[in-house]
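Below is one structure, written out as structure tokens; comments come after it.
The values are calculated or read from the model by the stated rules, or taken from the named source; none is laboratory data. Fair warning: this is a prediction, and the values are worked out from it, not measured in the lab. Cβ: placed from backbone, ideal geometry, glycine included. Neighbour counts: every protein chain shown.
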Amino acid sequence: MNKVKKIVHDELFEWIVDIRRTIHQQPELAFKEEKTSEFICSKLKELGIKFKKGIAETGVVGRLTINKTAPTIALRADMDALPITEDTGLPFSSQNPGIMHACGHDGHIAMLLGAAAVLKKNKPAGNVVLIFQPAEEGEGGAKPMIEEGVLDGVDMIFGGHIERSHQVGEIGIKRGVHTAYTDAFDIRITGEGGHAARPHETIDAVIIASRVVLNIQTIISREIDPIHPAVITIGYVRAGSVNNAVAEKAVLKGTIRTTDESVRTQINDKIRKMASSLSIHYDADIKVSFKPGYPPIINQDYACDFAQQSAQKLLGKNAVISLPYPSLGGEDFSYYLQQVPGCFVRFGAAKDGHDRISSHSPGFDFDEEVLRVGAAYFSELVRHTLKKLSKK
């Protein structure tokens, strides 16, 4: 960590931490990150970095243009928070009721501004685009950012996410497929309601919904090749309104996580067939709809080489963890990688006493020392990659 502290000295680290804590106190939901955006702009102005705001509604893009003929590297941080009521007890807890930075995006912003400060002071051998993106949490803010041209002229892009299953000073890299497709589904059942004492005169939507919940799980356990990771989770079930009536309608909502396109298609087909079969068996109307989610992040090998080399030079060979399996979480950084090559990593940020508290939880927090690591990593990665690309 000596190299990290040399790049991000204590005074700069305090500046980065203050940024994180300020943003943490003013969390904002997708496409509503107005104060966050203005705060980022104020910091870029403080650093003397040119920027453009209002991209994809609330996005901000800063630019360090050193040499227009040199390669250009983009770095990305997400800005949005979650509709969660904070319960951390932190002195800088959310001041916006029911909204919280429970996934580390406040840290991502702080890291990127820290890296910007380092790169502004010690200019790299090329150009840098700093992307502060709205709406990663399910809204897909990356797509409109791309549509508005944030990747124009960009040769490679890098990003990362705070990960509390690793220690501070560790960086996880997964080559190839890194995250999953994040498709959503909706199943609406219409039977025939009636009195609870005369169930034979009804078509019970609750019974049918129960069969759907159980049958769906056998798609994964008995019909999908187990070498392909896949998950179907039903997170929402609603039916009925009183205890002495058979429910006429039921609604189920869930998510499908896959890493293989053929498995993704197979699961969708199986759900449709299962719904059709149950519809015939119970003489009920069952409608199934699917909403495509994010595609998987697919890290390019040579971009991973640059990430690994930079991390090892900065933190030591043993600090870089080769992640053996993809995550079944989702990330809209995947849209950037459909346009230009790049690599998305995981920053170790484990915090004592928070082992069992996951992200998207009211008690979420992380070790702020990861902010120093992330800022140093991004700045060194930019330098290393620009040198490599300039030699090609």
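For the range 344-377, give me each residue that is surrounded by fewer than 19 Cβ atoms within 10 Å (Cβ to Cβ) and among the β-branched types (Val, Ile, Thr).
Ile357, the sole residue that qualifies.
Taking into account only those residues within the range 144-159 that are surrounded by fewer than 17 Cβ atoms within 10 Å (Cβ to Cβ) and of a type outside the set (Gly, Ala, Ser), which is nearest to Ala376 (Cα to Cα)?
As a first pass, look at the range 144-159 and keep what is surrounded by fewer than 17 Cβ atoms within 10 Å (Cβ to Cβ): 147-149, 152-153.
Subsequent filtering for residues that are of a type outside the set (Gly, Ala, Ser) retains 147-148, 152.
Values: Glu147: 30, Glu148: 29, Asp152: 26 Å.
Selected residue: Asp152.
Within the range 279-293, work out how many residues are in contact with a helix residue (DSSP H, G or I) (Cβ under 7 Å, 6 or more places away or on another chain) and either under 18 Å from Ile220 (Cβ atoms) or not assigned by TED's automatic domain parsing to the domain that holds Ala209 (or both). Give the steps one after another, and end with the answer.
As a first pass, look at the range 279-293 and keep what is in contact with a helix residue (DSSP H, G or I) (Cβ under 7 Å, 6 or more places away or on another chain): 282, 284-286, 288, 290.
Now narrow it down to the ones that are either under 18 Å from Ile220 (Cβ atoms) or not assigned by TED's automatic domain parsing to the domain that holds Ala209 (or both): 288, 290.
Going through the range 279-293 one residue at a time, the tally reaches 2.
Please specify each residue of the range 328-381 satisfying the condition of being under 24 Å from Val231 (Cβ atoms), out of contact with any Ser or Thr (no Cβ under 7 Å at 6 or more places or on another chain) and of a type in the set (S, T, N, Q).
Within the range 328-381, Gln338, Ser358, Ser359, Ser361 meet the criteria.
Mind listing just one residue for me: the one in the range 160-171 that is of a type in the set (Gly, Ala, Ser) and surrounded by fewer than 22 Cβ atoms within 10 Å (Cβ to Cβ) and, of those, farthest from Ile298 (Cα to Cα)? Break it down into steps so the answer makes sense when it comes.
Going residue by residue through the range 160-171, those that are of a type in the set (Gly, Ala, Ser) are 160, 165, 169.
Subset that is surrounded by fewer than 22 Cβ atoms within 10 Å (Cβ to Cβ): 165, 169.
Values: Ser165: 21, Gly169: 24 Å.
Residue satisfying both the conditions and the ranking: Gly169.
Being more than 19 Å from Phe347 (Cα to Cα), surrounded by 18 or more Cβ atoms within 10 Å (Cβ to Cβ) and either out of contact with any helix residue (DSSP H, G or I) (no Cβ under 9 Å at 6 or more places or on another chain) or among the basic types (Lys, Arg) (or both) narrows it down to one of Ile84, Ile73, so name that one. Step through it out loud before you land on a result.
Numbers: Ile73 fails: either out of contact with any helix residue (DSSP H, G or I) (no Cβ under 9 Å at 6 or more places or on another chain) or among the basic types (Lys, Arg) (or both).
Just a single option satisfies the conditions, and that option is Ile84.
Please work out which residue is surrounded by the fewest Cβ atoms within 10 Å (Cβ to Cβ), limiting yourself to the range 253-278 and to residues that are out of contact with any helix residue (DSSP H, G or I) (no Cβ under 6 Å at 6 or more places or on another chain) and in a strand (DSSP E or B).
Lys253
How about the range 356-373: which of its residues are under 17 Å from Ile23 (Cα atoms), part of a helix (DSSP H, G or I) and not charged (D, E, K, R)?
Within the range 356-373, Val370, Leu371 meet the criteria.
Of all residues in the range 374-392, how many are among the small types (Gly, Ala, Ser) and part of a loop (DSSP other than H, G, I, E, B)? Please lay out each step first, then the result.
Filtering the range 374-392 for residues among the small types (Gly, Ala, Ser) gives 374-376, 379, 390.
Next, from what is left, pick out any that are part of a loop (DSSP other than H, G, I, E, B): none.
The total comes to 0.
Within the range 73-118, which residues are over 21 Å from the mean Cα position of the chain (by Cα) and not in a helix (DSSP H, G or I)? Please lay out each step first, then the result.
From the range 73-118, those over 21 Å from the mean Cα position of the chain (by Cα) are 87-93, 95-97, 116-118; that's our starting set.
Across the range 73-118, the qualifying residues are Asp87, Thr88, Gly89, Leu90, Pro91, Phe92, Ser93, Gln95, Asn96, Pro97.
Looking only at the range 23-47, count every residue that is touching a residue at least 60 places away in the same chain (Cβ under 8 Å) and either assigned to a helix (DSSP H, G or I) or not assigned by TED's automatic domain parsing to the domain that holds Ala77 (or both) and tell me the total.
Result for the range 23-47: 9.
Can you spot a residue in the range 282-293 that is assigned to a helix (DSSP H, G or I) and more than 26 Å from Val373 (Cβ to Cβ)? Spell out how you get there, then give the answer.
So in the range 282-293, the residues assigned to a helix (DSSP H, G or I) come out as 282.
Among the residues that remain, those that are also more than 26 Å from Val373 (Cβ to Cβ) are: 282.
Among the residues of the range 282-293, at least one is assigned to a helix (DSSP H, G or I) and more than 26 Å from Val373 (Cβ to Cβ), which makes the answer yes.
Can you find, within the range 119-143, the residue that is farthest from the chain's Cα centre (by Cα) among those that are surrounded by fewer than 22 Cβ atoms within 10 Å (Cβ to Cβ) and outside any loop (DSSP other than H, G, I, E, B)?
Only one residue tops the list, namely Lys121.
Can you tell me which condition Glu57 does not meet? The list is (1) charged (D, E, K, R); (2) farther than 30 Å from Leu389 by Cβ; (3) in a strand (DSSP E or B), and all the others hold.
Condition not satisfied by Glu57: (3).
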